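Student: Mind looking over this structure? Questions follow.
Every read-out reported here was derived from the displayed coordinates using simple, explicitly stated rules and does not represent laboratory data. Owing to the predicted nature of the structure, the values given are computational and were not obtained by experimental measurement. Virtual Cβ from ideal backbone geometry, glycine too; neighbours counted across all protein chains shown.
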Amino acid sequence: MASIGSVTRSLISKTILNPGRIAVVHNTGFIKFYSAAPNYENIKIDVVGSKKNVGLIQLNRPKALNALCKPLIEEVGKAVKDFDADDKIAGIILTGNEKAFAAGADIKEMQNNTYSGCQKTGFLAEWEIITNCGKPLIAAVNGFALGGGCELAMLCDIIYAGENAKFGQPEIAIGTIPGAGGTQRLPRYVGKSKAMEIVLTGNFFTAQEAEKMGLVSKVFPVDKLLEETIKLAEKIGTHSPLIVKMAKQAVNQAFETTLKSGLLYEKSLFYGTFATDDRKEGMTAFVEKRPPNFKNE
């Protein structure tokens with residue numbers, strides 16, 4: 001782990017990102033970029049994949065290291081909600097660029113906050129829209145994912161990381177604590193001891209360490225990260241959207257309740273799949289040795 005110290009101050013105060021546009025086209029290995037939605041100021045969106053069924057959201061505040069200001073999170077929430085409501089979309093990818101996924105919250109925005117003000121306005125409430133997404137949400141993390149950036153990645157269902165990614169919860173160094181789930185989700189991913197070390201020291205940790213901890217599913221070369229993340233979303237998209245949503249609900253429930261209650265919830269959802277046409281089609285296709293034709297019913 002690297003010490004936070006002056007590194008965080010440097011990240012906050014300097015522009016180290018190039019506003020270059022990078023992405024990967026499935027089956028080609030490289031593209032120039034995705035199209036920009038004219039109504040968004042802090043993000044860029046596109047629909048990608050060989051079947052055009054993967055929603056792609058890119059954080060786009062390069063001069064601020066993709067700092068997570070309220071307008072940016074609100075735009076992410078709107079994009080996630082729109083993709084979630086689109087029947088043609090199988091999964092959603094959230095990414096930044098090579099230098100930073102998101103280097104943290106917007107400190108200048110928070111600097112003059114007060115306790116009463118946070119309570120009255122429900123500070124960070126806009127994050128809840130993202131957590132309510134029913135479709136798989138995948139983080140593709142290159143560069144820095146610090147503070148709120150790490151919390152945003154953990155809010156996703158799966159994290160893929162580039163080999164240069166750096167994670168951390170450095171809030172302790174500026175006199176506060178994680179406030180968007182860092183103290184709650186991190187222990188569930190990496191265990192109490194490691195979470196305490198990360199939160200109480202503010203140290204950064206690498207993509208390789210994150211994978212070893214269980215925070216990250218896989219690590220890829222920087223130029224392959226988005227391509228592999230799109231492949232993952234496309235693979236998920238070959239299954240019944242209805243059953244995928246139910247499976248996501250079941251896994252998430254494991255983080256919310258006791259094992260006994262979770263098992264009962266799982267069994268209830270499992271029984272529920274037998275009321276769906278997609279379950280019948282999936283099993284029939286298996287017996288008949290043919291590809292299934294799921295209809296999300």
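Student: Which of the listed residues, Thr183, Ala165, Leu215, is farthest toward the dipole's positive end in region 153-227, when Lys, Arg count +1 and Asp, Glu count -1 at the beta-carbon?
Tutor: Ranked along the dipole, the leading option is Thr183.
Student: Now, a different point. Determine the sum of side-chain charges near Glu297: Lys and Arg each +1, Asp and Glu each -1, restricted to other residues whose C-beta is under 11 angstrom from that of Glu297.
Tutor: On the way: positive: Arg279, Lys280, Lys295; negative: Asp277, Asp278, Glu281.
Counting the neighbours of Glu297, the net charge comes to 0.
Student: At a 10 Å Cβ-Cβ cut-off, how would you order Glu171, Glu234, fewest neighbours first?
Tutor: Least to most surrounded, the residues fall as Glu234, Glu171.
Student: With point charges of +1 on the Cβ of Lys and Arg and -1 on the Cβ of Asp and Glu, referenced to the Cα centre of the chain, which listed residue (Leu242, Met110, Cys150) lies farthest in the positive direction of the dipole?
Tutor: The residue sitting most towards the positive pole is Cys150.
Student: Then there is this: Apply 1/(1 + (r/R0)^6) to the Cβ-Cβ distance of Ala285 and Leu264, taking R0 = 35 Å, and write down the FRET efficiency to the nearest 0.05.
Tutor: 0.75
Student: Separation between the Val222 and Ala125 pseudo-spin-labels, each 7 Å from Cα along Cα→Cβ, expressed in nm?
Tutor: With each label placed 7 Å out from Cα toward Cβ, I get 4.0 nm.
Student: Mind putting a number on the dipole of the chain about its Cα centre? Charges go on the C-beta only, +1 for Lys and Arg and -1 for Asp and Glu, and I need it in Debye to the nearest 20.
Tutor: In total the dipole reaches around 260 debye.
Student: A further question follows. Over all directions, the average projected area of the alpha-carbon convex hull for region 241-287 comes to how many nm²?
Tutor: 3.4 nm²
Student: What is the gain in length, in nm to one decimal, between Asn296 and Ser116 on full extension, counting 0.36 nm per residue of separation less the C-alpha to C-alpha distance?
Tutor: Computed gain between Asn296 and Ser116 is 60.2 nm.
Student: Would you mind checking which residues have amide H under 5 Å from Cys69's amide H? H placed 1.01 Å from N; only 5 or more apart, or other chain.
Tutor: Amide H to amide H, under 5 Å and 5 or more residues apart or across chains, Cys69 pairs with Asp106.
Student: With n ≥ 4 as the cut-off for DSSP H runs, can you work out [θ] at 222 nm for the chain, using -39500 (n - 2.57) per run divided by the number of residues, rounded to the nearest 500?
Tutor: -12000 deg cm²/dmol
Student: Along its three principal axes, how long is region 5-236 when you only count alpha carbons? Whole Å, largest extent first please.
Tutor: The Cα atoms of region 5-236 stretch 47, 37, 32 Å along the principal axes, largest first.
Student: Next question, about the same structure. With just the Cα atoms defining each centre, how far is region 56-94 from region 215-230? Give it in Å.
Tutor: First find each Cα centre; the distance between them is then 19 Å.
Student: Among the listed pairs Lys51/Lys99; Lys44/Lys99; Lys52/Lys135, which are separated by more than 18 Å between their Cα atoms?
Tutor: Values: Lys51/Lys99 29 Å; Lys44/Lys99 16 Å; Lys52/Lys135 16 Å.
Over 18 Å Cα-Cα: Lys51/Lys99.
Student: How high is the relative contact order of the chain, given as a whole-number percent (alpha carbon pairs under 8 Å, six or more residues apart)? Intermediate values should be presented prior to the final figure.
Tutor: Working: 544 pairs, mean separation 48.8, N = 297.
Computed over the chain, the figure is 16 percent.
Student: Per residue of region 47-57, what does 6.51 cos²θ - 1.76 cosθ + 1.60 with θ = phi - 60° give for ³J(HN,Hα)? Whole Hz please, x for Gly and Pro, Karplus curve as stated.
Tutor: Per residue, the Karplus-derived 3J(HN,Hα) values read 10, 10, x, 4, 9, 6, 10, 10, x, 10, 10 Hz.
Student: Of the DSSP beta bridges with both residues in the chain, give the percent that are antiparallel, rounding to the nearest 5.
Tutor: In the chain, approximately 35 percent of DSSP beta bridges are antiparallel ones.
Student: Can I ask one more? Can you give the log10 of the normalised intensity I(q)/I(0) at q = 0.12, 0.16 Å⁻¹, computed with Debye over equal Cα scatterers of region 100-247?
Tutor: -0.53, -0.90
Student: Let me ask something additional. Just want the ordering: Arg188, Arg290, from fewest to most Cβ atoms lying within 10 Å of their own Cβ.
Tutor: So the residues, fewest neighbours to most, are Arg290, Arg188.
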